[in-house]
1. Choose one answer from B:17, B:39, B:142: the residue with the largest mean-square fluctuation in a GNM of chain B with alpha-carbon springs under 10 Å.
2. What whole-number distance in Å separates the alpha-carbon centres of segment A:485-530 and segment A:256-288?
3. So how do A:581-587, A:84-90 stack up, highest first, on mean other-Cβ count within 10 Å?
4. Can you tell me how much longer the chain between residue A:244 and residue A:162 gets when fully stretched, taken as 0.36 nm per residue apart minus their C-alpha distance, in nm with one decimal?
5. When each pair of different Cα atoms in segment A:1-140 is counted once in the 1/r mean, what is the Kirkwood radius in angstroms, to one decimal?
6. Label 7 Å along Cα→Cβ of residue B:189; segment B:156-174 residues with amide nitrogen under 11 Å?
7. Just want the answer: with Cβ charges of +1 for Lys and Arg and -1 for Asp and Glu, which residue in B:142, B:179, B:68 is farthest toward the dipole's positive end in segment B:41-190?
8. Over chain B, what is the mean sequence separation of C-alpha contacts under 8 Å (at least six apart), divided by residue count, expressed as relative contact order in percent?
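The values are calculated or read from the model by the stated rules, or taken from the named source; none is laboratory data. Source: prediction; values computed, not measured. Neighbour counts are summed over all protein chains in view; Cβ atoms, including those assigned to glycine, are modelled from backbone coordinates with ideal geometry. Surface accessibility is based on the protein's heavy atoms, side chains included, excluding ligands, DNA and RNA. Shrake-Rupley method; radii C 1.70, N 1.55, O 1.52, S 1.80 Å.
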Amino acid sequence: MTGNDILQTVLYFGALAVLAGPLGLYMARVYEGAPCGLDGVLGPLERLFYRVCGIRQDEEMDWKQYATAVLIFSAAGVFLLYFLQRVQGALPLNPQKFGAVTPGLSFNTALSFVTNTNWQNYSGETAMSYLTQMAGLAVQNFLSAAAGMAALVALIRGFKRHSANTIGNFWVDMARGTLYILMPLALVYSLLLVSQGVVQSFGKYRTVDLVEAGNYEIPRLDAGGNAVKDANGDPVMEKAKVTRQVIPLGPAASQIAIKQLGTNGGGFFNVNSAHPFENPTAFSNFLECLAILLIPAALCITFGKMVGDRRQGLALLAAMFLILVPLTFLCAWAEQGGNPHLASMGVDQAASALQPGGNMEGKEARFGIADSTIWAAATTAASNGSVNSMHDSYMPLGGMVPMLLIQFGEVIFGGVGSGLYGMLIFAIITVFVAGLMVGRTPEYLGKKIEIFEMKMAALVVLIVNALIKLGTAIAVSTKAGTAGIANPGPHGFSEVLYAFSSFAGNNGSAFAGLNGNTVFYNTIGGILMFFGRFWVIIPVLAIAGSLAKKKQVPAGLGTLPTHTPLFVVFLMGVIVIVGALAFMPGLALGPIAEQLMYH
Amino acid sequence: MPRMIRNSVMSLLFMTALTGIVYPLVITGIAQVAFPGRANGSIVEENGKPVGSALIGQQFGGPGYFWGRPSATTPYPYNSASSSGSNLGPNNPDLIRAVQSRIDALRAADPGNRRPIPVDLVTSSASGLDPDISPAAAIYQAGRVARARGLDVAKVRDLIAENTRERFLGIFGEPAVNVLRLNLALDNLK
């Protein structure tokens, strides 16, 4: 690891810590309905929304109504997005004349974006029209994020209220999150990104003449675009002279801003934020990487403010930092060490003032090791899933870090809203474990944690766990599943384990060698993303409803304080033990076995 | 329940219009006025003719040009209509073979140069469209390019220095050399 790497990591997390405070307090005002500074501009828009949609702003919902609203709203989103992809060929803003997306891929993509996962089995620049990208995919980038934050706020109200039947109004929470938080941030971000070279245009792709023409052997294609095979089943090759290059365009910056801010992660282009048009400079990279964790970190502050004890939020944030920062360094260390195979071939992998060195396969020269590994850790800690380097080509231990961060349950920052409600579930489990030790009914934030809450909390943890393992087991034991594997040996197993962790954890990043655009992966992936999202949201809202009904218990002598370093360590222990115990066997078969192959 | 469905559908349509139509149109409008070059792909022109994008790499294979990062796009390298990494794992024999063939090609083009090869010159980039190489990778090729063009090596190294972009604020990212710009600068020497 280099000095610059350490400096960049420290500055990155430092900037995050500094910005989380003011943004968190701002968001608390937004969700409490207090004046927040933008009311003059956005107030009329908000009221127009309520009037047009027939929403009664001051109507309160109980947890079942709230959950129903989330589900129906999401279902409507799935239908619209599916439909849009299927008919994009007949709609405007399609200068490349892309046809309909196949039904399987449309199903997978619709669920992927509505569940805030943004797993991509498609390649943006060769499959999606501008209209599908902006009015379909980008809209769900906003709305799935807003829905996640709304569910979190409902849970916070569960802690805050007492002897109450209701936990807020989903429409109001969703609208205020979108209008007052996501839109203004995305607006500023988009323009900063364009200033760095991210494209934002409705024009057709441009064709330019290359400086030096190239001659290649490429597979011959038939009229349907499929490779022609000879008698042995090998593709027939033909000579091709390439003299031109197609420069893809599109309304990318507006979409990339929200895909980073809303922990969505679905790229405008196939290679996501590794694409020079999606992330052109070190500055754009810093901004995009900061956006990954910005709202999830700030929501901890929002939480503290809303429950009336800022230290509670800081304790959760501290636990997140303390788990993520060491893992970020582990990833950088593994990647900076380079690939031993290449070292013996006369390749220079040492970092110097003139080169980043390290394992540069699947990484961009402008990002080197530090920017790539900070991103990899951040994007999997948060359930963002965008990438600026190819995780599939990471060293075994380097690639294990992002996988493990997903398997911790997407609670180390996690998705906007979903990460913190997941973390609160772990906090509930922690006070329960502590309560067992001293034989006392556990409490959290003045609410007794009883059988119902524990059942729901256990469900949340177990469902995601089970989905990942069952999915992986089915995939590696069926032909349809193993057919998609790209790399041989334990690395191939890692590809599958990573994919199912990503589906169920709603992350969306991949060991991208895995060919996921098959009936098998499209279908099972879509189903897992659905359950990974909604089978978590429903129990969380159930807990919210149950907590809201309870009386506030004043803290007594026997109450475990939940803002102390002791609690932070205890919480980290529970997260790491649950995550590590659950996934160590899987990791042993994948990255750990692969690492041992070097010795 | 019917009211809930109506609320859902109307909210979705309202938000689609706002975040899916109005928002990208506003951004596009501002971007096209404030940053027309960058919003439209940072196109590089030579004598009024577009020759590429400053942000998208091109394949160079002649000894008189600097070579960029290996590209894993299909069916040919630097196919900017279809960005892609290799996704080869670190232990994959295909990766080792690919790296070896790139080493062989570099050595064959510059037989006298026995220095270790900078890693970014033999490993494929994440996007397959990486416009940059490290300064080390450029300096490694300076002798070959100078010989092929009959130039003084010092002159070529000066050009590399002129086309090297330092870290942002001296801290973020990596120093990098834009291959297209460097090669165009070489062509313009004549």
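1. Looking only at B:17, B:39, B:142, the biggest GNM fluctuation is shown by B:17.
2. So the two Cα centres are separated by 21 Å.
3. Top to bottom by mean Cβ count within 10 Å: A:84-90, A:581-587.
4. Difference between extended and current length: 22.8 nm.
5. For segment A:1-140, the Kirkwood estimate is 18.9 Å.
6. In segment B:156-174, the label zone of residue B:189 (backbone N under 11 Å from the point 7 Å along Cα→Cβ) covers B:156-160.
7. B:142
8. Reported relative contact order: 20 percent.
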